[in-house]
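*Asks:* Dropping the structure in here first, questions after.
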Amino acid sequence: QVQLVESGGGLVQAGGSLRLSCTASGRNFGPYPIGWFRHAPGKEREFVGSISWVGDSTSYGDSVKGRFTMSRDSWSLVYLHMNDLKPEDTAVYYCAALTNGGSVDVASNYGFWGQGTQVTVSS
């Protein structure tokens, strides 16, 4: 059974930083690209970024480019480094595994999802 678990969320002041972790486990979990999405109340789910299974290629949503980066320690441990956080970054952040191929910014291409971790940025 595949499981993705996010951690590292919390409350931070604007301009601060957080590092989210995504840990994957499961007997049949392959080396998938991992993506991060976020969902804020009253807004649509938004693509944050993705990293290849090797960790040598990343992609980011326009709203976080230049502030957020991703890194990968192994096929089962991925980080989202968030800097210069803004109140509009407040959301539940989810990591997911890209199991269906296709565009990395399309949520339906991800077959496994974590439960999410709350990030709140105060002004």
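*Asks:* Under a crude label model (7 Å from the Cα following the beta-carbon direction), how far is V2 from N100 in nanometres?
*Replies:* Here the answer is 1.2 nm between the modelled labels.
*Asks:* Please give the contour-minus-distance gain from D73 to T23: 0.36 nm per residue of separation, less the Cα-Cα distance, rounded to one decimal in nm.
*Replies:* 17.0 nm
*Asks:* While we're looking at this one, here's another question. Can you give the accessible area per residue of the chain, in Å², using a 1.4 Å probe?
*Replies:* Result: 51 Å² per residue.
*Asks:* Could I ask something else about it? Sort 81-92, 51-62 by packing, meaning the average of other beta carbons within 10 Å per residue, with the highest value first.
*Replies:* Answer by packing, highest mean first, reads 81-92, 51-62.
*Asks:* What translational diffusion coefficient, to the nearest whole µm²/s, does region 46-112 have by Stokes-Einstein, given a Kirkwood radius computed over alpha-carbon pairs, a temperature of 10 °C and 1.306 mPa s viscosity?
*Replies:* Translational diffusion coefficient: 126 µm²/s.
The values are calculated or read from the model by the stated rules, or taken from the named source; none is laboratory data. Remember, it's a predicted structure, so these values are computed and weren't measured experimentally. Heads up, the Cβs are rebuilt from the backbone with ideal geometry, glycines too, and the neighbour counts pull from every protein chain shown. When the accessible area is computed, the model is the full protein with side chains, heavy atoms only, and any ligands, DNA or RNA have been set aside. Shrake-Rupley method; radii C 1.70, N 1.55, O 1.52, S 1.80 Å.
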